[in-house]
């Protein structure tokens with residue numbers, strides 16, 4: 001039977017380790033990373049080299065960790081789980097577009113100019129919660145939540 | 001789509017876990033099919049029928065709602 005090619009289950013461990021490292025780094029360099037990632041002028045008040053280095057590592061670890069977690073198989077992956085994955089992906093696209101639209105509307109309401117440059121910034125670069133790894137994180141959360149709720153309903157049917 | 005897997009399983013004195021192992025899926029998938037929450041692929045339907053020594057039509061049955069678009 002045709003199946004979706006995915007990473008082996010063991011890759012989830014690598015993903016979890018990377019996310020743990022990302023969290024550790026984020027907590028240990030919290031002020032510098034937040035300043036570098038979210039505030040407009042990152043050069044003020046902080047060692048910009050150190051902050052840039054830490055925030056880059058946080059983003060790299062987060063991106064790779066989330067991808068590994070999202071695209072490695074469950075312990076036992078069968079066609080029902082693949083079906084849930086597909087549904088989760090469809091829901092994620094809708095949610096992502098909704099968040100994107102909401103963000104654009106918020107930008108307009110707040111009176112910012114909607115230029116192509118700001119659109120690209122919103123979609124890809126500056127807004128961390130709208131970037132591609134965030135999309136994969138939404139997908140991962142929706143998939144895990146769907147799987148958990150489905151299995152909870154089915155666990156009542158234990159023999 | 002209706003099915004009588006639960007009946008056939010009881011007749012064969014087989015647990016969901018045993019059927020799942022024979023069909024190469026997890027127990028929750030068998031439970032989902034029994035409850036009508038998940039429609040199996042043709043391959044899985046054929047495997048389940050084969051395990052019980054029956055045809056697919058003897059286990060799975062279309063409902064009127066399946067014909068509605």
Practice task
May I ask you to list the residues in the range A:28-60 that are over 21 Å from residue A:131 (Cβ atoms) and modelled with pLDDT of 65 or more?
Solution key: A:28, A:31
Exercise for the section: Name the one entry in A:63, A:72 that is surrounded by 12 or more Cβ atoms within 10 Å (Cβ to Cβ), touching a strand residue (DSSP E or B) at 6+ places or on another chain (Cβ under 9 Å), more than 14 Å from every other protein chain (Cβ to nearest Cβ) and at pLDDT 80 or above. Expected result: A:72
Fill in the blank from the handout: By residue number, the members of the range B:46-69 that are in contact with a strand residue (DSSP E or B) (Cβ under 6 Å, 6 or more places away or on another chain) and within 14 Å of chain A (Cβ to nearest Cβ) are none
Handout entry: Among (1) in contact with a helix residue (DSSP H, G or I) (Cβ under 6 Å, 6 or more places away or on another chain); (2) at pLDDT below 85; (3) within 14 Å of chain B (Cβ to nearest Cβ) - the single one residue A:147 does not satisfy
Key = (2)
Practice task
Go through B:10, B:23 for me and flag whichever is within 23 Å of residue A:76 (Cβ to Cβ) and within 14 Å of chain A (Cβ to nearest Cβ).
Solution key: B:23
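The values are calculated or read from the model by the stated rules, or taken from the named source; none is laboratory data. Keep in mind the model is a prediction, meaning the values are calculated, not measured. FYI the Cβ positions are ideal-geometry reconstructions off the backbone, even for glycines, and counts take in every protein chain you see.
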